[in-house]
Protein chains: 2
Amino acid sequence: MTKVSQEQLVDVLSKHQLRKTETRIHVLNIFFNNEYALAHSALEKQLGNAYDRVTIYRTLNTFEEAGIIHQVPSSGEAKFALCHAHCDHQHHQDQHLHFNCTNCKQTFCLENVNIPTIDYPKNYEVHSLHITATGVCKNCKI
Amino acid sequence: MTKVSQEQLVDVLSKHQLRKTETRIHVLNIFFNNEYALAHSALEKQLGNAYDRVTIYRTLNTFEEAGIIHQVPSSGEAKFALCHAHCDHQHHQDQHLHFNCTNCKQTFCLENVNIPTIDYPKNYEVHSLHITATGVCKNCKI
DNA sequence: GTTTATGCAAATTCTTTGCAATACT
DNA sequence: AGTATTGCAAAGAATTTGCATAAAC
C-alpha cells in the first residue's frame with residue numbers, strides 16, 4: 001500500500017531541516033500516497049482525527065514554507081500538492097494538468113497529458129505555472 | 001474613466017433576467033473596469049463600504065449562477081472574473097493567462113499571451129480551462 | 001538542557017442564514 | 001400589489017494566536 005518507506009519520509013524532513021514528528025511523517029505519507037491535491041479538510045479526514053486541527057494547519061504552513069508542498073490554484077478551498085524534484089523555494093512547475101471535479105470535489109493530476117510550452121511576457125517573473133481544468137471526472141461521469 | 005455605459009450595464013442585467021439594483025450595477029461596473037480577477041475583499045474595498053458585506057456575497061453568487069462571472073482558480077481567496085462572450089452556463093474558457101502576483105496579490109489577465117491547445121483525456125468532461133502563473137508582476141519587479 | 005512542536009482554549013475572520021424593511025417590476 | 005433584494009443580527013465555519021505541556025534534538 002505504502003509507496004514510500006518510513007526512511008524516505010524521515011529523509012525528506014531531514015533535508016528540509018525539520019524535526020521528525022509523528023504528525024509530519026503521517027501527513028507527508030498521505031501526500032506521497034495521494035494522486036491528487038489535498039485540502040486541509042481532506043487531510044483531516046484521512047488522518048482520522050488523530051491530531052489537532054491546529055496542528056494540521058501548522059504542518060501545512062511549515063511544509064509550504066520549507067518547499068515540500070505548494071498550493072495548487074483551485075476554486076474553493078486551498079489545496080496542496082507535493083513539490084516535485086525540480087521544484088525549489090522559488091520555482092514550482094507542475095508539468096501536468098490539474099483536474100478539478102465539480103462533482104466529487106477532488107483534484108486529480110493528469111500526469112500523462114502533454115503540456116505545451118507557454119511564452120509569457122519577459123517582464124513578469126514566473127515562479128510557478130498551473131493548468132487547471134474544471135469539469136466532471138471519469139469516475140463521476142455516468 | 002468608465003469603459004462601459006450605464007445602459008450597457010443595465011443591459012447585461014436585463015439579458016440575465018436580473019433586477020437592476022444599485023449594488024449590482026456598481027459591482028458589475030467594477031468588473032468591467034478591472035483588468036484582473038477580483039476577490040470579495042478587493043471588491044468590498046473598491047465599493048468603499050457602501051453596501052453590506054452580505055449583499056456583496058449574494059451579488060457574487062447571483063452573478064456566478066447567472067453566468068455573468070466565474071470563479072478563477074487561484075491560491076488563497078476565491079476570485080471572480082467576467083465571463084466572456086463565448087462563455088455559457090456550462091463552459092467557461094479563459095483564453096488568456098492569469099497571472100497571480102505574490103507581492104501585490106493581484107490577478108492579472110495577460111490577454112496577449114498565446115495559449116496553445118491542450119489535449120485532455122476524452123473521458124474527462126472539461127467545462128473550463130484556466131492557466132495560472134504565479135510570481136512577481138512587472139509593477140512589483142523593481 | 002535547550003529548542004521546537006503539539007494540544008487546548010479562545011480570539012479573529014470568513015461565509016451563510018433568517019427575517020423584517022425596502023426597492024424593483 | 002406582488003416579488004425579489006437588501007441590511008441587520010446572529011449563527012456557523014474556517015483560520016489564527018497565546019500559552020503551558022510534551023516531544024525532539
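Bear in mind that the values in this text are calculations on the coordinates, not laboratory data. Quantities reported herein were computed from a predicted structural model and do not represent experimental measurements. For neighbour counting, all protein chains shown are included, and Cβ atoms are generated from backbone atoms with ideal geometry for every residue, glycine included.
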(request) Using Cα pairs closer than 8 Å and at least 6 residues apart in sequence, work out the relative contact order for region A:1-88, in percent. (result) 26 percent
(message) Defining the label point at 7 Å along Cα→Cβ, can you sort the distances from A:K141 to the same site in each other copy, shortest first, in nm?
(response) 3.8
(request) Would you mind working out the magnitude of the charge dipole of region A:13-76 relative to its Cα centre, with +1 at each Lys and Arg C-beta and -1 at each Asp and Glu C-beta, to the nearest 20 Debye? (result) 180 debye
(message) Taking a point 7 Å out from Cα toward Cβ as the label site, list the nm distances between A:V54 and the same residue in every other copy, smallest first.
(response) 3.1
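For the pairs A:K15/B:K138; A:K141/B:K122; B:K3/B:K138; A:K15/A:K45; B:K3/B:K45; A:K138/B:K79, note any where the Cα-Cα span goes beyond 22 Å. If you can, show how the numbers build up before the last one.
On the way: A:K15/B:K138 34 Å; A:K141/B:K122 11 Å; B:K3/B:K138 24 Å; A:K15/A:K45 28 Å; B:K3/B:K45 20 Å; A:K138/B:K79 27 Å.
The answer is A:K15/B:K138; B:K3/B:K138; A:K15/A:K45; A:K138/B:K79.
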(message) List, shortest first and in nm to one decimal, how far the label point of A:K20 (7 Å from Cα along Cα→Cβ) is from its counterparts in the other copies.
(response) 7.0
(message) To make sure I understand, if each residue's beta carbon is the centre and we count other beta carbons within 10 Å, what order do B:S74, B:S128 fall in, fewest to most?
(response) B:S128, B:S74
(request) May I ask for the net charge around A:F63, where only other residues with Cβ less than 14 Å from the Cβ of A:F63 are counted and Lys, Arg are +1 while Asp, Glu are -1? (result) +4
